[in-house]
1. I'd like to know if segment 76-84 contains one or more residues that are within 13 Å of the ligand (Cβ to nearest atom), over 20 Å from Ala20 (Cβ atoms) and open to solvent by 20 Å² or more (accessible area, probe 1.4 Å).
2. Exactly one condition in (1) under 22 Å from Arg15 (Cα atoms); (2) away from the ligand (no atom under 11 Å from the Cβ) is not met by Glu68; state its number.
3. Considering only segment 110-152, how many residues are charged (D, E, K, R), touching a strand residue (DSSP E or B) at 6+ places or on another chain (Cβ under 9 Å) and loosely packed, with under 14 Cβ neighbours inside 10 Å?
4. Take Leu107 and decide whether it is in contact with a Leu (Cβ under 7 Å, 6 or more places away or on another chain) and open to solvent by less than 50 Å² (accessible area, probe 1.4 Å).
5. With respect to Gly129, determine if the residue is without any contact (Cβ under 8 Å) to a residue 24 or more places away in the chain and among the small types (Gly, Ala, Ser).
6. Looking at Gly87, Gly35, Gly103, Gly54, which is the one that is at pLDDT 95 or above, in contact with a strand residue (DSSP E or B) (Cβ under 8 Å, 6 or more places away or on another chain) and within 12 Å of the ligand (Cβ to nearest atom)?
7. Let me confirm something: among Arg61, Arg155, which residue is open to solvent by 80 Å² or more (accessible area, probe 1.4 Å), away from the ligand (no atom under 14 Å from the Cβ) and at pLDDT 95 or above?
8. Return only the number of the condition from (1) more than 16 Å from the ligand (Cβ to nearest atom); (2) modelled with pLDDT of 95 or more; (3) over 26 Å from Glu13 (Cβ atoms) that Gly118 does not satisfy.
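The values are calculated or read from the model by the stated rules, or taken from the named source; none is laboratory data. Only a predicted model underlies this, so the values are computations on that prediction, with no experimental measurement involved. Note that each Cβ is placed from the backbone with ideal geometry, even for glycine, and that neighbours are counted across all protein chains shown. Just the protein is used for accessible areas: all its heavy atoms, side chains included, with ligands, DNA and RNA removed. Shrake-Rupley method; radii C 1.70, N 1.55, O 1.52, S 1.80 Å.
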Amino acid sequence: MAEFEVRAVAAEEVRALRRALLRPHQEVEELVYAGDDHPETLHLGGFRHGRMVGIATIMFRPMPGRAERAAWQVRGMAVDHGHRGYGLGGLLLRRCLAHAAAGGGRLAWCNARAGSFGFYERHGFRRDGEPFELPDIGPHYRMFLQLEPAPPAGRPSGEE
Ligand SMILES: CC(C)(COP(=O)(O)OP(=O)(O)OC[C@H]1O[C@@H](n2cnc3c(N)ncnc32)[C@H](O)[C@@H]1OP(=O)(O)O)[C@@H](O)C(=O)NCCC(=O)NCCS
């Protein structure tokens, strides 16, 4: 497997790849999502040889149609074409989910492009409702995953 480094980055740092890989028809200013600058929001960059080749964001945000308040949305998940299939997407997604669980999250959700449905399914997400169309982007599925509570910090494993 290729070696990647995954680390937290600033919101501004993910926007160029957001545009290039996900929304090339939009202006950079349109790639500012509500919640991007919230202190609990996590933006991740995936790097190979020092170059950012993958991005993901997770933010505290209710899931439409669900009463669960501790809900976090995965957004802006993408890996550069030449680096797909080597595990970076999975690394980014798992780090996002761990961040949500550590923040008390009980539900993670996303609007998955039809083409990436299998990626989220592979990570345990299930589909919610019928597919819907996002203008200029195409068909999407709302998907969700129930999160396990994060273990309490600092307690050695195996102890009650
Ligand atoms: C979806 C995406 C982020 C996955 O990144 P990636 O680095 O290729 O994913 P990984 O290599 O970590 O794959 C993890 C697992 O998901 C599977 N998978 C990855 N992409 C998939 C897809 N599009 N459909 C079905 N399964 C997929 C892989 O086969 C792998 O399974 P395995 O562990 O059994 O081998 C990447 O393909 C991408 O950027 N796609 C275009 C943008 C996009 O659709 N983003 C999501 C917006 S909702």
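1. So the first thing to find is which residues in segment 76-84 are within 13 Å of the ligand (Cβ to nearest atom), and the list is 76-84.
Add one more test, that the residue is over 20 Å from Ala20 (Cβ atoms), and what stays is none.
Scanning segment 76-84, I find no residue that is within 13 Å of the ligand (Cβ to nearest atom), over 20 Å from Ala20 (Cβ atoms) and open to solvent by 20 Å² or more (accessible area, probe 1.4 Å), so the answer is no.
2. Only one criterion in (1) under 22 Å from Arg15 (Cα atoms); (2) away from the ligand (no atom under 11 Å from the Cβ) is unmet by Glu68, namely (1).
3. Residues of segment 110-152 charged (D, E, K, R): 113, 121-122, 126-128, 130, 133, 136, 142, 148.
Applying the additional criterion that residues be touching a strand residue (DSSP E or B) at 6+ places or on another chain (Cβ under 9 Å) yields 113, 121, 126-128, 130, 133, 142.
From what is left, the residues that are loosely packed, with under 14 Cβ neighbours inside 10 Å are 126, 130, 133.
Adding up the residues that qualify gives 3.
4. Details: in contact with a Leu (Cβ under 7 Å, 6 or more places away or on another chain): yes; open to solvent by less than 50 Å² (accessible area, probe 1.4 Å): yes.
Taking the combined requirement at face value, the residue satisfies it.
5. Values: without any contact (Cβ under 8 Å) to a residue 24 or more places away in the chain: no; among the small types (Gly, Ala, Ser): yes.
For Gly129, the condition - without any contact (Cβ under 8 Å) to a residue 24 or more places away in the chain and among the small types (Gly, Ala, Ser) - is not met.
6. On the way: Gly87 fails: in contact with a strand residue (DSSP E or B) (Cβ under 8 Å, 6 or more places away or on another chain); Gly35 fails: within 12 Å of the ligand (Cβ to nearest atom); Gly103 fails: within 12 Å of the ligand (Cβ to nearest atom).
Going through Gly87, Gly35, Gly103, Gly54 in turn, just one is at pLDDT 95 or above, in contact with a strand residue (DSSP E or B) (Cβ under 8 Å, 6 or more places away or on another chain) and within 12 Å of the ligand (Cβ to nearest atom): Gly54.
7. Values: Arg155 fails: at pLDDT 95 or above.
On inspection, the qualifying residue turns out to be Arg61.
8. Among (1) more than 16 Å from the ligand (Cβ to nearest atom); (2) modelled with pLDDT of 95 or more; (3) over 26 Å from Glu13 (Cβ atoms), the lone unmet condition for Gly118 is (1).
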